[in-house]
Amino acid sequence: MEPVKVFVVEDQPKILKNLIKLLGGFEEIEIVGKALSGEEALEGIGDAGPQVVLLDLGLPQMSGIDVTREVKKKHPGIEVLIFTVFDEEEKVMEAIQAGASGYLLKGMEASKIVEAISEVKDGGSVIQPSLARSLLRQFQVPPPPGKEEEMPSLTPREVEILQIIAKGLSNAEAAKVLKISRATIRTHLEHIYAKMAVSNRVEAITEGIRQGLIDV
């Protein structure tokens, strides 16, 4: 498999250097660019052509949320993975609403970071259970008129997978729980998205709540 092309954005030079060195030791990752600020990142991402941007949320001046919004607007095919600390949950939620595919906590094991990067590159999301629950509550709104009646029913297996990802599990973790392949999980998610007329797992989980398939 081709390595995932990653662009790293971190405002602390020492942390940036260590992170690049850490990720550079994995053959699954190819670092194609780096930046110490959001402004610098937006200038370099277009030419670098990354598949995933690993983005520090606590940037000076232009915030990680603003960078996420601009990246998704200019390069919708690029996935954004937020790199943050424990006390930024509210900002993480804003970043996900702006288009980020998930978040990682600083200090995680390198192998977990690499797994998360691969996850979002393949169309998955990386959201911890505690934040997933907050997201579910925030996105819980009444359904549009007639939308529930128009939706095809999910199969029992699809409902099971929807409930599992609502707990914050990654595709890889869900595959382990159900003892099936990640590819099968992705296929099921594609069917779920199509049936629910959504484009990502946060929207799918929201619809699951609306339909009473997921308890908050």
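Throughout, read-outs are computed from the coordinates displayed, never taken from laboratory work. Being a predicted model, the structure only gives us computed values, none of them experimental. Please note: Cβ atoms are built from the backbone with ideal geometry, for glycine as well, and neighbour counts cover all protein chains shown.
Which pairs in the list Lys5/Lys72; Lys17/Lys72; Lys74/Lys112 are over 18 Å apart, alpha-carbon to alpha-carbon? It would help to have the intermediate numbers written out before the result.
Working: Lys5/Lys72 16 Å; Lys17/Lys72 25 Å; Lys74/Lys112 28 Å.
Violating the 18 Å Cα-Cα cut-off are Lys17/Lys72; Lys74/Lys112.
Sorted by mean Cβ packing within 10 Å, highest first, what order do the peptides 5-16, 46-57 take? Show your work: numbers first, answer last.
Numbers: 5-16: 18.6, 46-57: 20.7.
Order by mean packing, descending: 46-57, 5-16.
Only Cα pairs within less than 10 Å get springs; with that Gaussian network setup on the chain, which residue of Pro156, Pro60, Pro76 has the largest fluctuation?
Pro156
Where does the chain land at 222 nm, in deg cm²/dmol rounded to the nearest 500, when only DSSP H runs of n ≥ 4 count, each adding -39500 (n - 2.57), divided by all residues?
Values: 11 runs with 114 residues, N = 216.
It comes out at -15500 deg cm²/dmol, rounded to the nearest 500.
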